[in-house]
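Contents: one structure, followed by commentary.
The values are calculated or read from the model by the stated rules, or taken from the named source; none is laboratory data. These numbers come from a predicted model, not from an experiment. Every residue, glycine as well, gets a Cβ built from its backbone with ideal geometry; the counts of neighbours run over all protein chains shown. Ligands, DNA and RNA are excluded from the accessible area calculation, which covers all protein heavy atoms including side chains. Shrake-Rupley method; radii C 1.70, N 1.55, O 1.52, S 1.80 Å.
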Amino acid sequence: MAAADVTVPALIEIADDCLILGHRLSEWCGHAPTLEEELALANMGLDLLGQARALYAHIGEIEGKGRSEDDFAFLRRERDYRNCLLVERTNGDFAATMARQLYFSASMTPFWKAISASSNDEALRGIAAKAEKEMAYHLRHSGEWVIRLGDGTEQSAARMAAAVDELHRYTGELFMVSTARLAAIDTGLLPDPEALRAQFDQTIDIVFATAKLSVPEIRTWQKGGRDGLHGEDMGHLLAELQFMQRAYPGQTW
Amino acid sequence: MAAADVTVPALIEIADDCLILGHRLSEWCGHAPTLEEELALANMGLDLLGQARALYAHIGEIEGKGRSEDDFAFLRRERDYRNCLLVERTNGDFAATMARQLYFSASMTPFWKAISASSNDEALRGIAAKAEKEMAYHLRHSGEWVIRLGDGTEQSAARMAAAVDELHRYTGELFMVSTARLAAIDTGLLPDPEALRAQFDQTIDIVFATAKLSVPEIRTWQKGGRDGLHGEDMGHLLAELQFMQRAYPGQTW
Amino acid sequence: EEFLAAFQARIDREEKIEPNDPMPEGYRRTLVRQIGQHAHSEIVGMLPEGNWITRAPSLRRKIALLAKVQDEGGHGLYLYSAAETLGVSREQMTEELLSGKAKYSSIFNYPTLTWADIGAVGWLVDGAAIMNQIPLCRCSYGPYARAMIRVCKEESFHQRQGYEIMMTLARGSEEQKELAQDALNRWWWPSLMMFGPSDSESTNSDQSMKWKIKRFSNDELRQKFITATVPQAEFIGLTMPDPELKWNEAKQAYDHGEIDWAEFKAVVRGDGQMNRDRLRDRNKAWDDGAWVREAALAHARERAENQQIPQEAAE
Amino acid sequence: EEFLAAFQARIDREEKIEPNDPMPEGYRRTLVRQIGQHAHSEIVGMLPEGNWITRAPSLRRKIALLAKVQDEGGHGLYLYSAAETLGVSREQMTEELLSGKAKYSSIFNYPTLTWADIGAVGWLVDGAAIMNQIPLCRCSYGPYARAMIRVCKEESFHQRQGYEIMMTLARGSEEQKELAQDALNRWWWPSLMMFGPSDSESTNSDQSMKWKIKRFSNDELRQKFITATVPQAEFIGLTMPDPELKWNEAKQAYDHGEIDWAEFKAVVRGDGQMNRDRLRDRNKAWDDGAWVREAALAHARERAENQQIPQEAAE
């Protein structure tokens, strides 16, 4: 297994993706378009928060400095969160939330599959085996909705197209190899995301074709999250997320 | 002048009203319906935040425990903020913001006038003399808008009526005599708000008549803020308001 | 007449009434109203607790709270399904909730002010709900009884979870203990009101008792709840906000102070702190989601007509 | 021809051109474009700083920031008025901004990530703006020159305020100093880009120079800015994020590293991090406010027709 200085920054990126997207999904609670979607959105949020928890705990153990899952989740500065920009985007309408979920799960399903098959970190393989199944469900669920909305009414098609137009440019970062990631690929901890990109593209192509959506041409992929350079929504998310831990430091809940 | 244990809790109510309403108005920044209203909303927000600052500084001095204006503004628990519920209501649409401003300024104009004329606290009289003029401007400005919108288009009239229907029930608390207030009235620090209510009612009657709005009948006046019993929006406001002071405790900015 | 007597005889034999069985119109109406209110309460109940999901103080608590609120949505689903067996559609019931015509439990018209409220709601509100619901697991109407068995199991888990939050706070820092006590102070009386008016004031409950839709009176259930809850508060060192509360050896029950029925009535008729906000939020969610529901319907209709859409992609 | 020569002669005599004076169409067009972009920049510039008003760390800073952003709105107003003297309405210009047709300063397409960014924006962005704007106080077009005098006075106050925020951070805790350095690292290069492409790449600026709309080249202004700013950074102990930056005694100016013009072009053409969000927010504010503007118009129209409305109430 790779040394802590390789593993910790590489896994933080993934854990932060899960935390922030899980948080975003949890914001839907009580506001979903149907009762069935209340349950599904909560389910997906729970999966992601659960993955974040498992990853932070694992990172804390490898790091060996006594940081708990909550220290990672609640007590870092904005610049230290390494999630990609896609997951921090505000929920927007249901179309945007489903497009974001499709993009994320289409990248994470093969990612976790590759890890569970061949990472050199046994504990991470365990996390991956569970996460892979969960993300496959997210992919199926969000893919169905992208199809339903893309090929639904005129209004839903317009909203879905707007969501894709808005979010597609954030998907490049899902496959960007940061310095932290590169080291982890070299040691055999993580798979090369470029190799997974073909699967992502194929998934998106199939879903979009059925949904009557076209894949946008992107001139400039948005990035920054892996360097802690977030968008303006991130700070407001953190103000909520961190509120209790900041206001009542050092207590047990 | 009254003792600190009378003055402090009585003035905290007023200072918190100013802080929270000022904060709410500042949330409009960049989102107002016209450029002129960007300026006007910021102006009113600045007036209120300025009043809050002056009051907290005065309270801190009277209290004599070394608490700064920022300690009061940023470092209390939600249950310790004593603002009335009206001012913490979310901005809603422009009609709701203007209705809220009308209600607040229609109550505060005579309030500050009475203080500047006859409070036994000289510093407070100074704050009041300035605040009275500011609130008269808020009253004029919001009153004009309530009239314009109430007697504008069908849509604006409906929105204004909905705003009144939503917010009128919070105006009782503006004149409620809390325990803290009662003691301050007894000592001559503050005027009896019941005596000011007639002026408030008259102002509202005149504005509403011109705006073609009717004054709702209220079965149950909403209250709680003076006991620190706020609504659910308050906590989210505080998460933002307090963010920096909580995340970076004890620093100078 | 004969049918009513035969129906009552089935009830008296503790036979379950099933959807296709003949039943008196009053029985059906009472059940529809009660199950509907119960379902609406689950749905509206998601809002006060949902208010703290984004601010939960630890990952463990965040996950537990989101899962709890999700369970409430699930209960809403079972209950709407149970009501559907009586011939009212979910749309119809939703419409009644959103228009303000149907009631839901008044407890959800109080705001959740601090994190401790999440503990208090779980402990007291779910605790009171269970007291109401356990007898419903033996309700004469089969689908409702079966839904309640599942609901009760989950509610009792939520109740323990809420109590555990309170215990953690009560055993935490001085400030945390204050949070817990403050939450108890605010939620105790509204929880007692959840059982409804005193038996002397309560209307229409005799018939429900006879039909075994209801099995205990409001005051009986309230007493059970107090008896179960007081020792729990004592165990974690919290004080009940009722100076008149004391054990009455003769009654083998607690005496308690007068409930503020004026407040109860004000909240029931729509004047609670959060009544309007709750309906506004539910209406907004529903209205904002209209285009999604329409699109799903349009898509399903088109797919049904058009079998050449690849199944694996669309499913 | 004769008119152009006479016009140029007036310009050369440093006479101010006023709204009703005859002017070449190109002069008018150039001014409309420039004043419009400038006005739009003030309006869009409210957003990144507005982002921190609700989270400002002290009451004093909160008030100063709100007042600053308000000033920017005010500058937008003067500038739209100056442009209106050239025959384009504010509505027309707003429409061009909202549709994405008109440009605004690309600097506002970067996000404000931390509180220190508020300091950096004031210090660097307003500092660079002033460098651009001071010569405009002597612009040949009178209304623009006069608007700029007022704008420059306020901007220079904002610049000092921003610098003071940076100084407070740089002299604060280790963590605050890091915030300040990080903000400088992120805002330095985009600030240098505010002066536009290098003179060798810049189009259309000769004519503007001749018409005294512009008085210095992009590179000249950029140099002035660097020369003014580097010692300010040194004074508070911050390090410029440019290892090639050094004083060139011969040139009496700083040499600096290569500016990333590819990034500049990407942001100008709409691919910066915040371009879409800024336009979305402006459009949303405008669309959400449509009913307000319509109502105000309807009311004013009705009042004009109907003099019996009591003046004191309606005014």
### Query
With D:Val230, D:Val292 as the choices, which residue is within 14 Å of another protein chain (Cβ to nearest Cβ), open to solvent by less than 10 Å² (accessible area, probe 1.4 Å) and not polar (S, T, N, Q)?
D:Val292
### Query
Yes or no: D:Leu169 open to solvent by less than 40 Å² (accessible area, probe 1.4 Å), within 14 Å of chain B (Cβ to nearest Cβ) and hydrophobic (A, V, I, L, M, F, W, C)?
yes
### Query
Is there a residue in region C:245-252 that is surrounded by fewer than 16 Cβ atoms within 10 Å (Cβ to Cβ), of a type in the set (Phe, Trp, Tyr) and in contact with a strand residue (DSSP E or B) (Cβ under 7 Å, 6 or more places away or on another chain)?
yes
### Query
For region D:71-82, how many residues meet the condition of being open to solvent by less than 30 Å² (accessible area, probe 1.4 Å) and within 13 Å of another protein chain (Cβ to nearest Cβ)?
7
### Task
Please indicate, with yes or no, whether at least one residue in region B:10-17 is assigned to a helix (DSSP H, G or I) and more than 20 Å from B:Asp80 (Cβ to Cβ).
no
## Note on the structure
Checking D:Arg276, D:Arg282 in turn, the sole residue that is on the phi < 0 side of the Ramachandran plot, assigned to a helix (DSSP H, G or I), open to solvent by 40 Å² or more (accessible area, probe 1.4 Å) and out of contact with any Pro (no Cβ under 8 Å at 6 or more places or on another chain) turns out to be D:Arg276
### Query
When you scan region B:147-186, how many residues do you find that are of a type in the set (S, T, N, Q) and open to solvent by less than 60 Å² (accessible area, probe 1.4 Å)?
4
### Any chance A:Leu139 is touching a helix residue (DSSP H, G or I) at 6+ places or on another chain (Cβ under 9 Å) and under 24 Å from D:Gly272 (Cα atoms)
no
### Task
Among what's in region A:209-253 and is at the interface with chain C (Cβ under 10 Å from one of its Cβ atoms) and open to solvent by less than 10 Å² (accessible area, probe 1.4 Å), pick the residue that is farthest from B:Met234 (Cα to Cα).
A:Ala211
### Task
Mind counting the residues in region C:83-101 that are more than 14 Å from chain A (Cβ to nearest Cβ), without any contact (Cβ under 8 Å) to a residue 12 or more places away in the chain and either open to solvent by less than 50 Å² (accessible area, probe 1.4 Å) or basic (Lys, Arg) (or both)?
1
### Message
For the condition open to solvent by 10 Å² or more (accessible area, probe 1.4 Å) and under 29 Å from C:Arg138 (Cβ atoms), what is the one hit in C:Ser191, C:Ser205?
### Response
C:Ser205
### Message
Given the condition within 17 Å of B:Val146 (Cβ to Cβ) and either under 13 Å from the mean Cα position of the chain (by Cα) or small (Gly, Ala, Ser) (or both), answer yes or no: does some residue in region B:27-42 qualify?
### Response
yes
#### Entry: All positions within region D:155-165 that are under 14 Å from the mean Cα position of the chain (by Cα) and crowded, with 17+ Cβ neighbours inside 10 Å
D:Glu155, D:His158, D:Gln159
### Query
In region D:255-273, which residue that is closer than 30 Å to D:Gly100 by Cβ and open to solvent by 40 Å² or more (accessible area, probe 1.4 Å) is farthest from the other protein chains (Cβ to nearest Cβ)?
D:Glu258
### Query
For region A:58-77, which residues satisfy the criterion of being within 14 Å of chain C (Cβ to nearest Cβ) and either surrounded by fewer than 17 Cβ atoms within 10 Å (Cβ to Cβ) or without any contact (Cβ under 8 Å) to a residue 40 or more places away in the chain (or both)?
A:Gly60, A:Arg67, A:Ser68, A:Glu69, A:Asp71, A:Leu75, A:Arg76
### Message
Checking the structure you have, find out if any residue of region B:109-119 is within 17 Å of B:Trp145 (Cβ to Cβ) and not hydrophobic (A, V, I, L, M, F, W, C).
### Response
yes
### Query
Here are C:Leu4, C:Leu31, C:Leu113: which of them is in a helix (DSSP H, G or I) and surrounded by 15 or more Cβ atoms within 10 Å (Cβ to Cβ)?
C:Leu31
### Query
With respect to D:Gly196, is the statement that it is surrounded by 16 or more Cβ atoms within 10 Å (Cβ to Cβ) and at positive phi true?
yes
### Summary
Within region A:25-49, the residues that are under 24 Å from A:Arg67 (Cα atoms), open to solvent by 10 Å² or more (accessible area, probe 1.4 Å) and more than 8 Å from chain C (Cβ to nearest Cβ) are A:Asp47
### Query
Residues in region A:78-99 that are basic (Lys, Arg) and within 14 Å of chain C (Cβ to nearest Cβ): how many?
0
